[in-house]
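The next block holds one structure in the form of structure tokens; read it before the comments.
The values are calculated or read from the model by the stated rules, or taken from the named source; none is laboratory data. Keep in mind the model is a prediction, meaning the values are calculated, not measured. Neighbour counts run over all protein chains shown; Cβ positions are idealised from the backbone, glycine included. All accessible areas refer to the heavy atoms of the entire protein, side chains included, with ligands and DNA or RNA removed. Shrake-Rupley method; radii C 1.70, N 1.55, O 1.52, S 1.80 Å.
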Amino acid sequence: MPKRLALTAAITLMALPLCVAAGAAGAADGSAPTAAKAAEAKPYKVEGGKVDPGTYNGYRRYGESCMRCHGPDGAGSSYAPDLTDSLKHMDYDAFAETVINGRKNVNTANNNVMPSFGTTEDVANYLDDIYGYLKARSDGALGRGRPQRIGD
Amino acid sequence: MNQRKKVLLSWTALVAASLLSSQPSLANDELSKMSKDPKQWVMQSGDYANQRYSPLKQITTANVKELRPVWTFSTGVLRGHEGGPLIVGDVMYVHTPFPNVVYALDLNNQGRILWKYEPKQDPSVIPVMCCDTVNRGVAYGDGKIILNQADANVVALDAKTGKELWKVANGDPKKGETMTGAPVVVKDKVLVGISGGEFGVQGRMTAYNLKDGSVAWKAYSVGPDDQILFDPQKTTSLGKPVGANSSLSTWQGDQWKTGGGATWGWTAYDPQLNLIYYGSGNPSTWNPKQRPGDNKWSMTIFARDADTGIAKWVYQMTPHDEWDYDGVNEMILADIKVKGTPVKALVHFDRNGFAYTMNRETGELLVAEKYDPAVNWATHVDMKTGRPEVVAQYSTDHNGEDHNTKGVCPAALGSKDQQPAAYSPETGLFYVPTNHVCMDYEPFKVSYTAGQPYVGATLSMFPPKGETHLGNFIAWDASSGKIVWSNKETFSVWSGALTTAGGVAFYGTLEGYLKAVDMKTGKELYKFKTPSGIIGNVTSYEHGGKQYIAVLSGVGGWAGIGMAAGLGGDSEGLGAVGAYKQLANYTQLGGVLTVFALP
């Protein structure tokens, strides 16, 4: 029990400075909509199976940093959860918080650890694109495989 | 203290022995002898030649249909279980993925646990491991069990008690250095590789002294000659001296420092030639445009002197990799006839889809043929230069960054990954678990940050055009370079094979079946569905006069990541229904050892 308490404390402590860092990264990129804005409008555009550049970039960045654990197309693996399902229950803020701070679930039954991506440029700078791509997958607006870009 | 005295004593004996004769040390003699005893299985591959062959023959093609599970053991860990158990005397040693528990089970007492060792590791290493927290097993030597931990610590345990004898750091997980491969004990040393090709590590093989864990030699895959332990005049490639700076001259600037060439596969050893053999992995990043040059010696077969580490010969299979075709798969040493001439051969089924037969004394290339007809990225290997003839359409470097190169076969996981093949001296054939998967591959620019993924490509995977099965189990003739027979499998075969003198070959499937086939024809003779998908390697041993077959199940690894939810289609052929077969509908997580015997 004391161990678990200590772990929670450590995560909370870790989370604080990283949130600040992430905010800065988003602003520096210039393209990041605020969380509120993301909630009201769809964070992706899909027309006739083709996607906007942001969503496409999200697909690519997903392949770079997320696929190794979460499997192809955000569909989950034997190692990490199905993100098309996770995003049905997780809003943008919770998504960003998890990606930036990481998550630990280590006990007698589980050894699940998601690293913190708060200082990984390839992720932090494109958080909204990755979210848009996964949200499109989660909403069923986008199928599996490599999406085509609008105008291609 | 007592322990230390004991170690010191045995070391003194060792020194005395080596002074008395120029024979290999005691530890090696003992282990070599033990590996020839068919009742035991004292190293991960069964023997130094990586043949995975058991001379036991109680179980035959005639009676294997009577096989049944006789006891099982839950490892208590859910992640992907690669490798297999060791059987040393009356004790079985079973390992697990992270947290890398080791159990010693008493075979005289129905598998009662004699001791359990669980290292304390920082769980932050988990996400630094590419593709699941697998571990390919422990090694035995000189009364010790050697464990490669995920966090890159190598630990030696007293095989009798499980007490820690020494522990050394073989790398730094903060730089992306982790361990998944199995150690190998050779003479008075233990050879240990490193993982982290997706994190820009500088790959290397390190020999630690078995007595105390001090470093005997360390040989990098990429870098200056004194780091890669090359003699510019004496180290050869296809018979010619490599010359000075053979690695450095193939990299731009100091890119070699994060150049990869990880060594996470299997190591073989030839006691007569005193050479060890292993392969190096992909150059970092996966984006070939970012690292011009041949990127030597990534994707290379190394033959090194076991005592000094100095390279005798090298052969780079995939210069300037553009597809992530790691060269780490096992080297199988077999004395076979190649086109009529007896050869001390090395046979290697590479990720790139070519099977290479080489002269293991000289490094001469004898045969290089495709072992899956789907392979399309190269037309053939030029036997003079040893270089593959790359097809421009499938060259991700030629097509460039931000361009999607379509329909490359095999996919990045290779026509075969680490799952080791087996050889039978009776049939003279190799039995190979394979993947039958293609990919689209798009490289893009990435920046290097220590401890962060350094991949630089995204890909989607699917079965070859017009097909729906994702794997084959094949019999291979290494002399003619031809498939003798091939069995289709629904999913990639990600389990190491076993050959036996009973004429039966064994392997596991991702759905969880242990299968027995006739080695001559491939005919399936027996199957049993274990509790989870099998990515472990099949083992045989004898105890109390009875032959047993043992295998770890526990789905995971890259296979579990790539296929749990089924493969995606390529951008055009999204309708390929077969590709959507979800592994998750067949099996779930859970590490269990299942032991089989005849009634």
Inset, instruction - Looking at (1) surrounded by 21 or more Cβ atoms within 10 Å (Cβ to Cβ); (2) more than 9 Å from chain B (Cβ to nearest Cβ), find the lone condition where residue A:123 falls short. - result: (2)
Legend entry - Conditions (1) of a type in the set (A, V, I, L, M); (2) open to solvent by 20 Å² or more (accessible area, probe 1.4 Å); (3) under 13 Å from the mean Cα position of the chain (by Cα): number failed by residue A:150: (3)
Legend entry - Meets criteria (open to solvent by less than 10 Å² (accessible area, probe 1.4 Å), of a type outside the set (A, V, I, L, M) and within 14 Å of chain A (Cβ to nearest Cβ)) for residue B:447: no
Inset, instruction - State which residue pairs qualify: first residue farther than 28 Å from residue B:345 by Cα and inside the range B:44-72, second residue open to solvent by 60 Å² or more (accessible area, probe 1.4 Å) in any location, beta carbons under 6 Å apart, and separation of 6 or more residues or different chains. - result: B:66/B:599
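Do any strands (runs of 3 or more DSSP E) entirely within the range B:218-335 hold 2 or more residues that are in contact with a strand residue (DSSP E or B) (Cβ under 6 Å, 6 or more places away or on another chain) and open to solvent by 10 Å² or more (accessible area, probe 1.4 Å), and if so, which? Spell out the reasoning first.
Working: elements: B:268-270, B:275-279, B:300-305, B:311-316.
Hits in the range B:218-335: B:311-316.
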Inset, instruction - Please work out if residue B:414 is among the small types (Gly, Ala, Ser) and over 21 Å from residue B:498 (Cα atoms). - result: no
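How many of the residues in the range B:358-389 are of a type in the set (S, T, N, Q) and more than 24 Å from residue B:335 (Cα to Cα)?
Going residue by residue through the range B:358-389, those that are of a type in the set (S, T, N, Q) are B:359, B:362, B:376, B:379, B:385.
Checking the rest, the ones that are also more than 24 Å from residue B:335 (Cα to Cα) come to B:376, B:379, B:385.
Of the residues in the range B:358-389, 3 are of a type in the set (S, T, N, Q) and more than 24 Å from residue B:335 (Cα to Cα).
For the range B:441-449, indicate whether the set of residues that are in contact with a strand residue (DSSP E or B) (Cβ under 6 Å, 6 or more places away or on another chain) and not acidic (Asp, Glu) is non-empty.
Here is the first cut: in the range B:441-449, the residues in contact with a strand residue (DSSP E or B) (Cβ under 6 Å, 6 or more places away or on another chain) are B:441-443.
With the extra rule that they be not acidic (Asp, Glu), the set shrinks to B:441, B:443.
Yes, the conditions are met somewhere in the range B:441-449.
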Inset, instruction - Can you tell me which residue within the range B:379-395, out of those that are surrounded by 14 or more Cβ atoms within 10 Å (Cβ to Cβ) and over 26 Å from the mean Cα position of the chain (by Cα), is farthest from residue B:238 (Cα to Cα)? - result: B:394
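Residues checked against (1) free of Cβ contacts under 8 Å to residues at least 40 places away in the same chain; (2) open to solvent by less than 10 Å² (accessible area, probe 1.4 Å); (3) closer than 25 Å to residue B:275 by Cα:
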position: B:168; (1), (2), (3): no, no, yes
position: B:175; (1), (2), (3): no, no, no
position: B:186; (1), (2), (3): no, yes, yes
position: B:190; (1), (2), (3): no, yes, yes
position: B:199; (1), (2), (3): no, yes, no
position: B:207; (1), (2), (3): no, yes, yes
position: B:211; (1), (2), (3): no, no, yes
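Show me the helices (runs of 4 or more DSSP H) entirely contained within the range A:46-97 in which 1 or more residues are of a type in the set (Lys, Arg) and more than 23 Å from residue B:448 (Cβ to Cβ).
Details: elements: A:53-65, A:67-70, A:83-89.
Result: A:83-89.
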Inset, instruction - Please state which one of B:313, B:217, B:286, B:266 is hydrophobic (A, V, I, L, M, F, W, C) and under 28 Å from residue B:443 (Cα atoms). - result: B:286
Legend entry - Output for the range A:98-109, where each listed residue is part of a helix (DSSP H, G or I) and buried (at least 18 other Cβ atoms within 10 Å of the Cβ): A:99, A:100, A:101
Legend entry - From A:142, A:134, residue being away from chain B (no Cβ under 13 Å) and either over 13 Å from the mean Cα position of the chain (by Cα) or not in a loop (DSSP other than H, G, I, E, B) (or both): A:134
Inset, instruction - List the strands (runs of 3 or more DSSP E) that sit entirely inside the range B:388-436 and contain at least 1 residues that are in contact with a His (Cβ under 9 Å, 6 or more places away or on another chain). - result: B:388-390, B:405-408
Inset, instruction - State whether the residues of the range A:83-96 include one that is among the acidic types (Asp, Glu), within 12 Å of the chain's Cα centre (by Cα) and surrounded by fewer than 19 Cβ atoms within 10 Å (Cβ to Cβ). - result: yes
Legend entry - Residue in the range A:26-41 that is buried (at least 16 other Cβ atoms within 10 Å of the Cβ), at pLDDT below 90 and in a helix (DSSP H, G or I) present: yes
Inset, instruction - Tell me which residues, restricted to the range B:73-92, are at pLDDT 95 or above and open to solvent by 10 Å² or more (accessible area, probe 1.4 Å). - result: B:73, B:74, B:88, B:89, B:90, B:91
Legend entry - Selected residue (criterion: most open to solvent (accessible area, probe 1.4 Å)) from residues of the range B:577-597 that are at the interface with chain A (Cβ under 10 Å from one of its Cβ atoms) and modelled with pLDDT under 70: B:580
Inset, instruction - Check the range B:468-486 and report whether any residue there is in contact with a Ser or Thr (Cβ under 8 Å, 6 or more places away or on another chain), within 14 Å of chain A (Cβ to nearest Cβ) and surrounded by 20 or more Cβ atoms within 10 Å (Cβ to Cβ). - result: yes
Legend entry - Residue count for the range A:54-111, restricted to those that are modelled with pLDDT under 90 and more than 13 Å from every other protein chain (Cβ to nearest Cβ): 0
Inset, instruction - Would you mention how many residues in the range B:95-145 are buried (at least 22 other Cβ atoms within 10 Å of the Cβ) and hydroxyl-bearing (Ser, Thr, Tyr)? - result: 4
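Among the residues of the range B:339-363, write down those that are open to solvent by 30 Å² or more (accessible area, probe 1.4 Å) and either in a strand (DSSP E or B) or touching a Gly at 6+ places or on another chain (Cβ under 7 Å) (or both). Spell out how you get there, then give the answer.
Taking the range B:339-363 and keeping what is open to solvent by 30 Å² or more (accessible area, probe 1.4 Å), we get B:339-342, B:344, B:361-362.
Residues satisfying the conditions are B:341, B:342, B:344, B:362.
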Inset, instruction - Taking residue B:452 as meeting all but one of (1) modelled with pLDDT of 95 or more; (2) touching a Ser or Thr at 6+ places or on another chain (Cβ under 8 Å), write down the number of the exception. - result: (1)
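Suppose we keep only residues that are more than 9 Å from chain A (Cβ to nearest Cβ) and either outside any strand (DSSP E or B) or in contact with a helix residue (DSSP H, G or I) (Cβ under 6 Å, 6 or more places away or on another chain) (or both) within the range B:545-560. Which one would you say is surrounded by the fewest Cβ atoms within 10 Å (Cβ to Cβ)? Let's see the steps before the verdict.
Quick first cut of the range B:545-560, residues more than 9 Å from chain A (Cβ to nearest Cβ) only: B:545-554.
With either outside any strand (DSSP E or B) or in contact with a helix residue (DSSP H, G or I) (Cβ under 6 Å, 6 or more places away or on another chain) (or both) added as a condition, the list becomes B:545, B:554.
Working: B:545: 7, B:554: 32.
The qualifying residue surrounded by the fewest Cβ atoms within 10 Å (Cβ to Cβ) is B:545.
Go through the residues of the range B:451-458 one by one and say whether even a single one is more than 11 Å from chain A (Cβ to nearest Cβ), at positive phi and touching a residue at least 60 places away in the same chain (Cβ under 8 Å).
no
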